Amino acid sequence: MDTFLSHKRTFDDNKASTSAQTSIVPKIKSRKYSQEYLNFGFTITEVNGEKPLCVICSKILAADSMKPNQLKRHFETLHDEYINKPREFFESKLKSYGKQKTFFKKTLSVNEKALLTSYKVSYKIARCKKPHTIAEELILPAAIEIVETMFGDNFAKELQSIPLSNDTVSRRIDDIAEDVEQQLFGKLRDKLFSIQLDEATDSNKDAHFIAYVRFWDGMSAAEELLFCKPIKLKATAIALFDILNNFINEANIEWKNCVGICTDGARTM
């Protein structure tokens, strides 16, 4: 009868069983790189651990491929024309790979700085209300001559990579304007604010609807231009309200946060 009864396993039994299972789990050995692997054209790279890297084709193999037979198989299969090359040949390849890697890092750094400089110069042009062509025609050539005179040709050549064409400056200014606008919208979505409205006419006698917004930004009161929209139809009260209401809705700003509206007292306002 006892043969068919299932006895409860005690804690000691479970522990012993677990220990037995744990003891039979094989340990994964991680092989280390050896300088002898350079004879097969392989160096080492640190990408999620040590992995072999071929200095000829720049291919990174798996970590478990850090074995002489597997590295040799890759070398003889894909690069058999280099089988009889001396070790000095692969050392030269390794140095070339290191220089190429350093060059790419340096180029990336220069490109990032050139892009940032392009935005900063475009921002200055917009603030000073200068034509966009001034960057390519005056600012960049003058900067190159200044740097060339003060620091030498090598530093001056780096300035030539700064994109400052007419179209580029225009795009940079548009990007900056959109970013500033989105930052303003983000502040107004969770703050109380008031609006000041006005109607103005430019030099071409075209009517524009202008709105300023005031709100508390931290511990100080801030005033910003909310929008300046052309009045395409007749400047009636309904037309002006539609322009304002559509802008508020498109910007995802809540009307309930508006605590005051100020106008110049005109009938249409």
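The values are calculated or read from the model by the stated rules, or taken from the named source; none is laboratory data. Keep in mind the model is a prediction, meaning the values are calculated, not measured. Don't worry about glycine lacking a Cβ; one is built from the backbone with ideal geometry, like all the others, and counts go over all protein chains shown.
Quick look at the values:
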{"quantity": "Failed item in (1) out of contact with any strand residue (DSSP E or B) (no Cβ under 9 Å at 6 or more places or on another chain); (2) farther than 18 Å from L225 by Cβ, with I173 passing the rest", "calculated": "(2)"}
{"quantity": "Which listed residue, of K157, K113, K120, K129, is closer than 19 Å to D179 by Cβ, free of Cβ contacts under 8 Å to residues at least 60 places away in the same chain and among the basic types (K, R)", "calculated": "K120"}
{"quantity": "Single condition T117 does not satisfy, out of (1) surrounded by 11 or more Cβ atoms within 10 Å (Cβ to Cβ); (2) at pLDDT below 90; (3) among the β-branched types (V, I, T)", "calculated": "(2)"}
{"quantity": "Residue in segment 135-170 that is surrounded by the most Cβ atoms within 10 Å (Cβ to Cβ), counting only those that are part of a helix (DSSP H, G or I) and either in contact with a Phe, Trp or Tyr (Cβ under 8 Å, 6 or more places away or on another chain) or among the β-branched types (V, I, T) (or both)", "calculated": "V169"}
{"quantity": "When residues of segment 64-98 are limited to those that are out of contact with any Asp or Glu (no Cβ under 8 Å at 6 or more places or on another chain) and assigned to a loop (DSSP other than H, G, I, E, B), the one nearest to E50 (Cα to Cα)", "calculated": "K67"}
{"quantity": "Sole residue being charged (D, E, K, R), part of a strand (DSSP E or B) and without any contact (Cβ under 8 Å) to a residue 24 or more places away in the chain, chosen from E223, E178", "calculated": "E223"}
{"quantity": "Yes/no for V213 being within 19 Å of Q182 (Cβ to Cβ), in a strand (DSSP E or B), among the aliphatic types (A, V, I, L, M) and out of contact with any Cys (no Cβ under 8 Å at 6 or more places or on another chain)", "calculated": "yes"}
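This table checks each residue for (1) charged (D, E, K, R); (2) within 17 Å of T263 (Cα to Cα); (3) touching a strand residue (DSSP E or B) at 6+ places or on another chain (Cβ under 6 Å).
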{"position": "K205", "(1), (2), (3)": "yes, no, no"}
{"position": "F209", "(1), (2), (3)": "no, yes, yes"}
{"position": "E224", "(1), (2), (3)": "yes, yes, yes"}
{"position": "K229", "(1), (2), (3)": "yes, yes, yes"}
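Yes/no per residue for (1) under 30 Å from S161 (Cβ atoms); (2) at pLDDT below 55; (3) touching a strand residue (DSSP E or B) at 6+ places or on another chain (Cβ under 9 Å); (4) surrounded by 10 or more Cβ atoms within 10 Å (Cβ to Cβ):
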residue	(1), (2), (3), (4)
M1	no, yes, no, no
H7	no, yes, no, no
D12	no, yes, no, no
Q21	no, yes, no, no
V25	no, yes, no, no
D64	no, no, no, yes
L78	no, no, yes, yes
F89	no, no, no, yes
T102	yes, yes, no, yes
